[in-house]
Amino acid sequence: MASLSVKPGQRFTLPDWQNNSLLISADAEQQRSDSHHIRQEGRALRNETGNQAKWDEHNTRTHLNDRITSVDRWREALARCLTEIDSEIDALTKVKEAAENALQAKNLCLDVAIECLTFRESRREIDVVRDPVEEELLREVKVIEKTKKVLQQRVDDAFRQLCLLKEARQQLSCDHRHKVETLELDRQCVSFNPTSGNISFKVNPTRIPDGTTALSEWELNSRCNKERAEAEIKASVDLRGAITLSIAQTNNELDAQRIATEFALRKRIRDMEGALSELRWQEQNTLEEIAEMEEEIRQLEEDVRKRTLDLKVAHTRLETRTYRPHRELCRDQAQYGLTDEVQQLEGIIRALQQKRTESQDALDALYRQLHRIQTDIGYKTNSLQLDNKCMDTRKKLVIPVEKFDPEVDAVNRTRN
């Protein structure tokens, strides 16, 4: 009998063979299940990260657009402020030149007055007297020197204010220029997308650059620049008004005082009329409130009367039920209900009487206030009549219109 060339290996049983096949199938199933689970997780992760990336980019774009809107709003505000401050610089320069011209014109007046005094020094003997002409000339010199001093002070004030305006303008211009540059950069950032050709990785892009400020500091800086410019503009407007008023006063101080007095008087009349209108309105409302309060008191008294009648009925019912004979005299539900009704009615009546007392006190206070209002109306009516009489009397001071030389109002750029 021929021998085998290879020694037979270990022999397995049929159940071992079957178990091995089942194990391989189970492992395959498990591997496929694990793979499917990983694929699902990967798909979910891709969807989640994709959506997150899209939302993050959308939020970033929204924030950039909001920031562009905010910066552009400030840029427009600063641009308007720059326009206003440029106009104010021009207006103040013109008023300053007008004050310098007025100051120069006073030199001629002073030379004439001094020359007249010099001529009068040539008088001799008894003619060398201190007459009214000399007194008027000396007074004229004093008035001219006083007005020159006032005008020189106004010119100096205008020069200093122009320096402040130009300094504020320089800060505004610098801030405006920076915001224009910022808008260009932020708009460039908005235009970037994954297909842009100029995108790349940067070294430490999340670093905080030196000189970075907080958003509140940025807004505070812009607001301070704008408010300072507006304050300087307002100060310049006030100064221009003062310079114009000073120039007018050197020409006619009495007219300036008359205008100021009549202006204040007209304002006082307007205020008095407004106060009277307010008081009459208060009087009308108080009268209406008094009528309503009196009606409310009448209603309260009527309710007290009605609730008193209800209480009498409840008392009568309770008293009548006390005559029930023998065992019938029991504390039934009707007895408890009547007792509760009496207590409730007594409380209601007390509350109504208390409210009636409070209402009467309020009515008395309204009558006192009405008396006070009507008394004040009488006072203010009398004052208004006196102010109107003052205005009628001051009409005697009006100068014919043809003698007026209209001045240009540098504050409102109108003619008076």
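The values are calculated or read from the model by the stated rules, or taken from the named source; none is laboratory data. Source: prediction; values computed, not measured. All Cβ positions, even for glycine, are placed from backbone atoms using ideal geometry, and neighbour counts span all protein chains on display. We work out accessible area using only protein heavy atoms, side chains counted, and drop any ligands, DNA or RNA first. Shrake-Rupley method; radii C 1.70, N 1.55, O 1.52, S 1.80 Å.
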Criterion first (in contact (Cβ under 8 Å) with a residue 24 or more places away in the chain and either in a helix (DSSP H, G or I) or within 45 Å of the chain's Cα centre (by Cα) (or both)) does L45 satisfy it?
no
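Considering only region 39-69, state which residues are within 16 Å of R187 (Cβ to Cβ) and open to solvent by less than 100 Å² (accessible area, probe 1.4 Å). Step through it out loud before you land on a result.
Taking region 39-69 and keeping what is within 16 Å of R187 (Cβ to Cβ), we get 60-69.
Listed by number, the residues that qualify are T60, R61, T62, L64, N65, D66, R67, I68, T69.
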Subset of region 193-225 (residues that are over 28 Å from A77 (Cβ atoms) and either under 32 Å from the mean Cα position of the chain (by Cα) or open to solvent by less than 70 Å² (accessible area, probe 1.4 Å) (or both))
N193, S196
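Of the residues Q170, Q161, Q188, which single one is farther than 21 Å from I68 by Cβ and open to solvent by 80 Å² or more (accessible area, probe 1.4 Å)?
Numbers: Q161 fails: open to solvent by 80 Å² or more (accessible area, probe 1.4 Å); Q188 fails: farther than 21 Å from I68 by Cβ.
On inspection, the qualifying residue turns out to be Q170.
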